[in-house]
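The values are calculated or read from the model by the stated rules, or taken from the named source; none is laboratory data. Computed from a prediction, not measured in an experiment: that's the story for all the values here. Positions of Cβ are generated from backbone atoms using ideal geometry, with glycine treated the same way; all protein chains shown enter the neighbour counts. Calculation scope for accessible area: heavy atoms of the full protein, side chains included, ligands and nucleic acids excluded. Shrake-Rupley method; radii C 1.70, N 1.55, O 1.52, S 1.80 Å.
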Amino acid sequence: MKTTLTINGTSHDLEADARTTLLDALRNHLDLTGSKKGCDHGQCGACTVIVNGRRINSCLTLACMHDGDEITTIEGIGTPGSMAALQDAFVRHDAYQCGYCTPGQICSATAMLEELREGWPSNVSDSLDAEVRLTAQEISERMSGNLCRCAAYPNIVAAIAEIAEDKT
């Protein structure tokens, strides 16, 4: 099946089986290996990418479903020579340890901060319509779909909190 994917601002024509997941298309067909295959069941978040501004588990969606969508992977957020502020905060706060989950964590946190700016409440927000205070509990809840087997959670929360504070 032919699909055109717009990834990190670049159009890619993909010829792949209709059953190819977005994650497998990124990694195996387009050589964008930043997104990781963790559980392949949507439970760990290592494969998180941003599609049309919203974070998704790329292992749970088919590539052909995203024809014409705007997809952002970790490669589109920053590079080693030009890191995004969130990436820099992860490095400074040692929020990556083994690094396997880090691309998914950063993609998820990037989209989560946008959700926060749009006023989306979470399960632990005090109110559905009041401005959300980004506490450690609030960050943890909003990032709960991204697991870190190294248990770098306090450092991840600190990195996100620093960037959220800078953007408010």
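The table below gives the values:
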| item | result |
| --- | --- |
| In segment 1-23, the residues that are in contact (Cβ under 8 Å) with a residue 60 or more places away in the chain, within 23 Å of Gln87 (Cα to Cα) and either in contact with a His (Cβ under 8 Å, 6 or more places away or on another chain) or assigned to a helix (DSSP H, G or I) (or both) | Thr6 |
| Residue match in segment 65-72 (condition: open to solvent by 20 Å² or more (accessible area, probe 1.4 Å) and modelled with pLDDT under 95) | yes |
| Residue in segment 88-97 that is surrounded by the fewest Cβ atoms within 10 Å (Cβ to Cβ), counting only those that are in contact with a helix residue (DSSP H, G or I) (Cβ under 7 Å, 6 or more places away or on another chain) and in a loop (DSSP other than H, G, I, E, B) | Asp94 |
| Residue within segment 24-38 that is part of a strand (DSSP E or B), modelled with pLDDT of 95 or more and buried (at least 18 other Cβ atoms within 10 Å of the Cβ) present | no |
